[in-house]
Amino acid sequence: MNTLPHRYIVVEGPIGVGKTHLVKRLAESFSGTTLFEQPERNPFLEKFYLHPKQSALPTQLSFLMQRVKLSKSLQQDDLFNDLHIADFMVEKDRLFAQITLDDDELALYNMVYDNLTLHHRTPDLVIYLQAPLSVLKARVSQRGIGYEQRIEDAYLQRLSDSYADFFHYYDEAPLLIVNAEQIDLINSEQDYKNLLEQISTLQSGRQYYNPLPVKEK
């Protein structure tokens, strides 16, 4: 498999599910250009995990600005020729806002969001990775980012539920929903190849991929 039928792919899902690693592998396999969120450049994020109430709004607005800027970096001409793969979609920004902001803050955020996101590129394919809380927690712990170790179970579960609800109704682009609980996209080449087959065949609508773990020979 040398090419993909998509020019702009987004990999989405809750914290710790494996978005960034899949984006890197796809980019390496198909010489794609990557667009990564940059949480380390959000000066409010660590403060948010220490004091969620006081820091929620500036944290969210900072992420919104960053995501919109990255999204706008996709030039229309390039998208016809080059493969772009991102580990975020602008629309998901509201998921975080809805669970972290109070009513007044959310109203302000929505006004900013509506003005900033009037024009943005719709993906050719969205890959939504999902996994249960226990798996998300284990993967967050394994990657060892200091401030992420403060994430509370209740927050991570609410976020995961918000993703599930969002993608239940999502119909803006072809959608591949992947149960990532039992697959190892880091160490198993066969797991990765099997997922590639699913990605390459989806042209429209939605598709569910619920694989069993594969043992390497």
Problem set entry | In region 44-61, residue surrounded by the fewest Cβ atoms within 10 Å (Cβ to Cβ) [restricted to those that are of a type in the set (A, V, I, L, M) and within 15 Å of Y147 (Cβ to Cβ)] | L50
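For (1) at pLDDT 90 or above; (2) not hydrophobic (A, V, I, L, M, F, W, C), each residue gets a yes or a no:
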{"site": "R158", "(1), (2)": "yes, yes"}
{"site": "F166", "(1), (2)": "yes, no"}
{"site": "Y170", "(1), (2)": "yes, yes"}
{"site": "A173", "(1), (2)": "yes, no"}
{"site": "D184", "(1), (2)": "no, yes"}
{"site": "K193", "(1), (2)": "yes, yes"}
Problem set entry | Selection from region 201-217 of residues that are over 12 Å from A180 (Cβ atoms), modelled with pLDDT under 90 and not aliphatic (A, V, I, L, M) | T201, Q203, S204, K215, E216, K217
For this session: Tell me, yes or no, whether region 163-173 has at least one residue that is outside any helix (DSSP H, G or I) and either out of contact with any strand residue (DSSP E or B) (no Cβ under 9 Å at 6 or more places or on another chain) or more than 26 Å from R7 (Cα to Cα) (or both).
Result: no
Exercise. Within the bounds of region 106-120, is there any residue that is under 15 Å from the mean Cα position of the chain (by Cα) and either modelled with pLDDT under 95 or part of a helix (DSSP H, G or I) (or both)?
Worked result: no
Problem set entry | Test for L35: is it over 17 Å from R143 (Cβ atoms), crowded, with 18+ Cβ neighbours inside 10 Å and either of a type in the set (S, T, Y) or at pLDDT 95 or above (or both) | no
For this session: Taking the options Y163, Y113, Y109, name whichever one is closer than 27 Å to H21 by Cα, in contact with a helix residue (DSSP H, G or I) (Cβ under 9 Å, 6 or more places away or on another chain), surrounded by 14 or more Cβ atoms within 10 Å (Cβ to Cβ) and of a type in the set (S, T, Y).
Result: Y163
Exercise. Condition test on D82, is it acidic (D, E), surrounded by fewer than 20 Cβ atoms within 10 Å (Cβ to Cβ) and over 27 Å from R7 (Cβ atoms)?
Worked result: no
Problem set entry | Residue selected from region 196-208 under the condition out of contact with any strand residue (DSSP E or B) (no Cβ under 7 Å at 6 or more places or on another chain) and in a helix (DSSP H, G or I), by the criterion surrounded by the most Cβ atoms within 10 Å (Cβ to Cβ) | L196
Problem set entry | First in region 124-148 and part of a loop (DSSP other than H, G, I, E, B), second anywhere and among the β-branched types (V, I, T), Cβ under 7 Å, 6 or more apart | D124/I9; A131/V17
For this session: Report whether or not L22 is of a type in the set (A, V, I, L, M, F, W, C), in contact (Cβ under 8 Å) with a residue 24 or more places away in the chain and in contact with a helix residue (DSSP H, G or I) (Cβ under 7 Å, 6 or more places away or on another chain).
Result: no
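The values are calculated or read from the model by the stated rules, or taken from the named source; none is laboratory data. Everything numeric here is computed off the predicted structure, so don't read it as measured data. Ideal geometry is used to build each Cβ from the backbone, glycine not excepted, and the neighbour counts take in all protein chains shown.
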